[in-house]
Amino acid sequence: MAFSGRIKELMRKYGKVAVGVHLSVSCASIAGLYVAINNNVDVEAVFRRFGMSPGVTVDGEASPAPASSDGPLPPRPSEVLQEETERERQPRNRTMELVASSGGALGLALLCNKALFPVRVPITIALTPPVARALSRWRVVKS
């Protein structure tokens with residue numbers, strides 16, 4: 001049976017339970033992503049590891065500001081060397097750059113949740129029948 005046919009059958013058979021399971025899976029996904037992003041996990045690298053694209057294009061490094069004639073003096077060579085070693089020690093984390101620039105950790109968690117939609121739907125399809133059986137056993141919903 002086609003994928004869309006499975007979803008339609010699931011909705012016809014389980015209705016509100018299927019919607020509740022899908023919303024629960026989505027909330028758990030958003031919460032997990034939010035915690036991961038706040039704990040400085042590089043979400044983009046995790047997506048790449050599983051062969052998924054986060055949908056964010058990675059631009060090159062920001063270009064330096066044009067030099068002005070009346071600006072401050074150029075940095076001393078020792079300062080330049082110190083800045084370069086600090087950059088080498090800390091790997092570039094695109095996730096934290098996006099959190100700082102695009103509305104925070106919750107916004108990035110919601111975007112990542114959207115990217116994970118193809119993963120959430122099969123989880124919903126797999127979890128709905130057992131949840132519906134458990135709810136009917138407890139007489140929360142009628143079977």
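The values are calculated or read from the model by the stated rules, or taken from the named source; none is laboratory data. Nothing here was measured: the structure is a model prediction, and the numbers come from that model. Quick reminder, even Gly has a Cβ in these numbers, built from the backbone with ideal geometry, and neighbours come from all protein chains shown. SASA here: full protein model, heavy atoms, side chains in, ligands and nucleic acids out. Shrake-Rupley method; radii C 1.70, N 1.55, O 1.52, S 1.80 Å.
Each residue in the range 115-130 was checked for being touching a residue at least 24 places away in the same chain (Cβ under 8 Å) and under 24 Å from ASN38 (Cα atoms), and 3 pass. For GLU97, the requirement of being open to solvent by 50 Å² or more (accessible area, probe 1.4 Å), within 24 Å of ALA45 (Cβ to Cβ) and modelled with pLDDT under 90 is met. So which residues in the range 93-143 are part of a loop (DSSP other than H, G, I, E, B) and β-branched (Val, Ile, Thr), if there are any at all? Hits for the range 93-143 are VAL140, VAL141. Given the conditions (1) within 30 Å of ALA134 (Cβ to Cβ); (2) modelled with pLDDT under 65; (3) among the β-branched types (Val, Ile, Thr), which single one is not true for VAL19? Single failed check for VAL19: (2). For MET11, the conditions (1) more than 20 Å from LYS142 (Cβ to Cβ); (2) free of Cβ contacts under 8 Å to residues at least 24 places away in the same chain all hold with the exception of (1).
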